[in-house]
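**Q** So that we are looking at the same thing, I have put the structure below in structure tokens.
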Amino acid sequence: MHGRVKVRTSEEEKARKDKEKQEKLKVFKNAMQRIQEKRKNSELDKELLELSGKVLSSNPDIYTLWNIRREILNIFRKDIEGEEMSQMYDAELHLTEYCLKVNPKSYCAWHQREWVLTTRADPDWNKELSLCNLYLKLDERNFHTWDYRRFIVSQCKPPLKGEFDFTTEKLYDNFSNYSAWHYRSKMLVELYPDLQGGRPIEDSHHKHELKMVQNAAFTDPDDTSAWFYQRWVLGAVKTTISLVVYTVTPFKTTFAFSKDVNEEFVMSKTRLYVNNEIVTGEWKSCVGNQYDLLWIFDHTTPIKDDLDVKVEFEKEDKCTQIIPCTKYGNSTYIGKNEVSFQRQYSQAVVEELNNQLESCRQLLEMEPDSKWTLLTTTIVLYCIDAKKYHKEVIKNLHLLKVIDKLRAGYYDDLITKWSIEEQLCLDFKTNECRLFKVAFDERISCLPHLQYYSYCEEIDLSNQNLSSKILPSLVVLQHCRKLSLENNNLTTLGNFPSLDLRELNLKGNVNLAKNEIEMLKEKYNYKIIY
Amino acid sequence: MSFTTKDVVLKEDRPKSLLLQKHSDYLASYGLNKDDYEYCMTEYLRMSGIYWSLTAMELMDQSSRMPKEEIIEFIKSCQDSESGGISASINHDPHMLYTLSAVQVLAMYDRLDAIDVEGVVRFVASMQQEDGSFYGDKWGEVDTRFSFCAVMCLSLLHRMEDINVNKAVDFVLSCMNFDGGFGSKPGSESHAGLIYCCVGTLSICKRMDALHADELAWWLCERQLPSGGLNGRPEKLPDLCYSWWVMSSLSMLNRIHWVDKKSLEQFILACQDAETGGFSDRPGDITDPFHTLFGLAGLSLLGNTSIKAVNPTYCMPQETIDKLKLEPQILHI
Ligand SMILES: [Zn+2]
């Protein structure tokens, strides 16, 4: 099915080929029939082994034939022992080797090899490892061979450092070997985790990997493999889950988290106090899933004016954090936590990042239109100090939209995400009202981190680039009364979530059919402006 | 180490419009000649072949051209009464891959009553291992493809409670890689086909939250090459079936707009064979039902209105999924 080029042939040639095929087919059908007869009659013998072997040699994917061979070998090994059985297993390995030459991606043949080696008493793992080395020389990207290598390693357990060094060797052969980068990533976190700091990779190795991967990426900036690895190494920081904001009103109490959490997490880590008494109640996911960003807390404690409300949250380091609240107008209590999206690296790694930034900038001067250099420069800037370099980062992303047109949609969403992060930090520190309105020049195309604004009463998303695919995300706006989606690109309202609104503005969505609005009007009784 | 991107160049005389009639003719005649060489040599995956053809026909609203009763009889005869599993063809052994294909075909025909459903549930559940993974059959091959087969199959039968869903999810998550993608087992390299299987599993189990959505979707959109086509791993050639594996995954991640739809559509259309009908893996290659389905399904995701809407998780018509009242998860953005 793959890679078979259609070739034009003369009538004569075609007739000859067809005849050849019909001959082959006859032989094939006879053999298959014979095999199935023998199996039905329980003649699981050497002849059947031979017959099935012949068919498999040219059709290694007929899985049932491998099953038959295992059945036969399972019977044989009850009676035959030692050298004789060993030879039979060797023959089986030989057959799989032959089949893998026909089709190096045959799942069946690879699996048969694993079966033989885990079934026989005398597997020669070193020989298998050498075979892998050979196969990886023939095709360094065959993922079946890599999987098989991992299988052997899991069985004979050589020192992992040896495997790590093997990836280094492979990469210095060819930096473009994504499979080797992948394997390296697994070895790296296994061999060198940062046990004290809780980061994925220990400091000196983090630095070393950054150096190595940059060297690789700069050797050939058009090859993508190293850039993916680099982006991962850059992102290898500690992440924790925090309670970002809680909102307590007489009607509803909600808790928003930085990541999706389950009921058990919320229940065990979060405690709401009213006048120094723990409030008990039931937790409900906002969307109705097992894990969610926003949790609704159903309780019967009356929420009135002049209460003392606070929340205790147990952080990952087991320390308990007390999040106080601010009172807003009519018996509404909102507690905002400190938020930061800045990645936390060690000092040594930050120094290395600054070095890399310098080299990136130099390379960029020579080739200002190099996508990967520009993208990496941008990400490094974001990693070092997202706030300080914000303007430059956004400018670069706009440039990337032009250089790398195919992925313009990705860059748009990244501009949105990083701009929202900027505004969020400010809003959480200084904004005293319950309004969210985009406060930067970019038009947003998606709604990242929207649960952070779950406390808002008014959400103004007018004059943006929002399409209907964002509508289900609005479900976190559980306290919103006034929502504007004026002048966006909505096309349908079929997936508009159920919200407790008073007013919804849908004006200026020119491709939105009137009957869609009528349907929404029938369903909900809030005011819809259009 | 000078080096050029692996890609294809689309020729000027390539097909530029959708040849629906040709494809429907191609699939209707495929397998009519039971002595056709290709047909006979692919007997070991017949059940999936039927699923590819029928789904493609359904998407073109042409499924009446398939021999419905014959297909249902065939499926019945492929169920193993002992294990409950279904095989690729008569005289072959039951396997997860073909059990799923059979269930998908019967779901589209609304004829799940034709087989022993309890048997299927028993077979699928018996394949789950202590670590949550699934075997393909009793011989012990483990692969995330089989996890997907299991949850797809059981959700179509509304019998998810017969397996340990949390463990199934945990196993799939243990296959996540540095790039946010997934491979066939823990430690395996990311591959768009297996990403589809793993994201699909999480979509059915409603655990999409566990994904690193932005990292994964970025890796996926980087599969698009200048020709517009998509490859399945970095530095590989484009292949039409990845239009499905990548685009369906991006659809579940709600980030389909991260690839350039226009140029992908051009690539897909260029994979049609204007003479024989059907789609192939790359322009100029021989067509087959597998790529024909994924070409059509890919176009459907891109919004082509002459094809019925396809569900990105199940790769079946959306109307079938609606009828079964299934709601696989799609991420918020
Ligand atoms: Zn393909």
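**Q** Under 1.5 on a/c is rounded, so check that first for the stretch A:431-529, then, if it is not, pick prolate when a/b is larger than b/c and oblate when it is not; a ≥ b ≥ c are the square roots of the alpha carbon gyration tensor eigenvalues.
**A** In terms of gyration-tensor shape, oblate.
**Q** For the pairs A:371/B:236; A:211/A:405; A:127/A:161; A:186/A:405; A:387/A:482; A:469/B:261, note any where the Cα-Cα span goes beyond 22 Å.
**A** As for pairs spanning more than 22 Å Cα to Cα, those are A:211/A:405; A:186/A:405; A:387/A:482.
**Q** Sticking with this one: Would you please classify the overall shape of the protein assembly as shown from the alpha carbon gyration tensor, given that a ≥ b ≥ c denote the square roots of the eigenvalues, rounded means a/c under 1.5, and beyond that prolate means a/b larger than b/c while oblate covers the rest?
**A** Cα axes put the protein assembly as shown in the prolate bin.
**Q** OK, next. Is there a simple number for the mean count of other chain Cβ atoms within 10 Å of the Cβ of residues in B:178-185, and what is it?
**A** 5
**Q** Another question, if that's okay. Exposed loop trypsin sites (Lys or Arg not before Pro) only (DSSP loop, at most 10 other Cβ atoms within 10 Å): please give the longest stretch of chain B free of them, not including the sites.
**A** B:35-324
**Q** Which far-off residues, 5 or more places away or on another chain, put their amide H under 5 Å from the one on residue B:311, with H placed in the peptide plane?
**A** Excluding prolines and chain starts, which carry no amide H, the hits are B:316, B:318.
**Q** Taking the 0 to 90 degree range and rounding to the nearest ten, how far is the long axis of helix A:46-58 tilted relative to the main principal axis of chain A, both from C-alpha atoms?
**A** So the helix axis and the longest Cα principal axis differ by about 60 degrees.
**Q** Where a Cα-Cα gap under 18 Å defines reach, which aspartates and glutamates qualify for residue A:19, not counting those fewer than 8 residues away within the same chain?
**A** In chain and number order, the partners are A:11, B:35, B:36, B:38.
**Q** Skipping prolines and chain starts, which residues have an amide H placed within reach, meaning under 5 Å, of the one on residue A:309, given they are 5 or more residues away or on another chain?
**A** A:275
**Q** Oh, and also: Specify whether the C-alpha gyration tensor of the stretch A:205-362 places it in the rounded, prolate or oblate class, a ≥ b ≥ c being the square roots of the eigenvalues: rounded for a/c under 1.5, otherwise prolate if a/b is larger than b/c and oblate if not.
**A** Since a/c reaches 1.5 and a/b is larger than b/c, the shape of the stretch A:205-362 is classed as prolate.
**Q** Show that you can apply the helix-only estimate: for chain A, add -39,500 (n - 2.57) for every DSSP H stretch of four or more residues, divide by all residues, and state [θ] at 222 nm to the nearest 500.
**A** -16500 deg cm²/dmol
**Q** What angle do you read, to the nearest 10 degrees and between 0 and 90, between the alpha-carbon axis of helix A:178-191 and the longest principal axis of chain A?
**A** With both axes taken from Cα atoms, the answer is about 70 degrees.
**Q** Can you tell me which of B:314, B:109, B:51 moves the most in a GNM of chain B? Springs connect C-alpha atoms under 10 Å apart.
**A** B:109
**Q** Right, here's the next one. Mind checking the stretch A:70-119 for trypsin sites (Lys or Arg not before Pro) that DSSP puts in a loop (not H, G, I, E or B) and that have at most 12 other Cβ atoms within 10 Å?
**A** Nothing satisfies the criteria.
**Q** Sort B:176, B:57, B:41, B:96 so that the residue with the fewest other Cβ atoms within 10 Å of its own Cβ comes first and the one with the most comes last.
**A** Ordered from fewest to most neighbouring Cβ atoms within 10 Å, B:176, B:57, B:41, B:96 come out as B:41, B:176, B:57, B:96.
**Q** Oh, and also: Leaving out same-chain residues fewer than 8 places away, which lysines sit with a Cα under 17 Å from that of residue A:514?
**A** Correct list for residue A:514: A:523, A:527.
**Q** Let me have the 222 nm mean residue ellipticity of chain B computed from DSSP H runs of 4+ only, each contributing -39500 (n - 2.57), with the sum over all residues rounded to the nearest 500.
**A** Rounded to the nearest 500, it is -13500 deg cm²/dmol.
**Q** Ordered by residue, what ³J(HN,Hα) values in Hz, to whole numbers, does the stretch B:43-57 give under the Karplus form 6.51 cos²θ - 1.76 cosθ + 1.60, where θ = phi - 60° and Gly and Pro are x?
**A** Going residue by residue, I get 4, 5, 10, 3, 4, 5, x, 5, 4, 4, 5, 5, 4, 4, 5 Hz, with x marking Gly and Pro.
**Q** Excluding residues fewer than 8 places away in the same chain, name every one of the aspartates and glutamates whose C-alpha is closer than 12 Å to that of residue B:76.
**A** B:113, B:116
**Q** Starting at the first residue of the stretch A:130-138, write each ³J(HN,Hα) from the Karplus equation 6.51 cos²θ - 1.76 cosθ + 1.60 with θ = phi - 60°, in whole Hz, x for Gly and Pro.
**A** Couplings: 5, 4, 4, 4, 5, 4, 6, 6, 6 Hz.
**Q** Follow-up question, since we're still on this one. Mind telling me which of B:186, B:289, B:94 comes out most flexible in a GNM of chain B, alpha-carbon contacts under 10 Å?
**A** Result for chain B, Cα springs under 10 Å: B:186 fluctuates most.
**Q** How charged is the neighbourhood of residue A:1? Take every other residue with its Cβ under 12 Å from the Cβ of residue A:1, and add Lys/Arg as +1 and Asp/Glu as -1.
**A** For residues surrounding residue A:1, the net value is -3.
**Q** Moving to a separate point now. Apply the Karplus curve 6.51 cos²θ - 1.76 cosθ + 1.60, θ = phi - 60°, to the phi angles in the stretch A:397-403 and return the couplings in whole Hz, x for Gly and Pro.
**A** Residue by residue, the stretch A:397-403 yields 5, 5, 5, 4, 4, 7, 5 Hz.
**Q** Here's a follow-up. Return the long-range amide H neighbours of residue A:242 (sequence gap of 5 or more, or a different chain), with a cut-off of under 5 Å between placed amide H atoms.
**A** Amide H neighbours of residue A:242, under 5 Å, 5+ apart: A:258, A:259.
**Q** In addition: How high is the relative contact order of the stretch B:191-333, in percent, with contacts defined as C-alpha pairs under 8 Å that are six or more residues apart?
**A** Dividing the mean separation by the residue count of the stretch B:191-333 yields 26 percent.
**Q** So how tilted is helix A:203-219 from the main axis of chain A? Cα-based, degrees 0 to 90, rounded to 10.
**A** Orientation of helix A:203-219: about 70 degrees from the principal axis.
Throughout, read-outs are computed from the coordinates displayed, never taken from laboratory work. What you are looking at is a predicted structure, and each value in this text was computed from that prediction instead of being measured. Cβ: placed from backbone, ideal geometry, glycine included. Neighbour counts: every protein chain shown.
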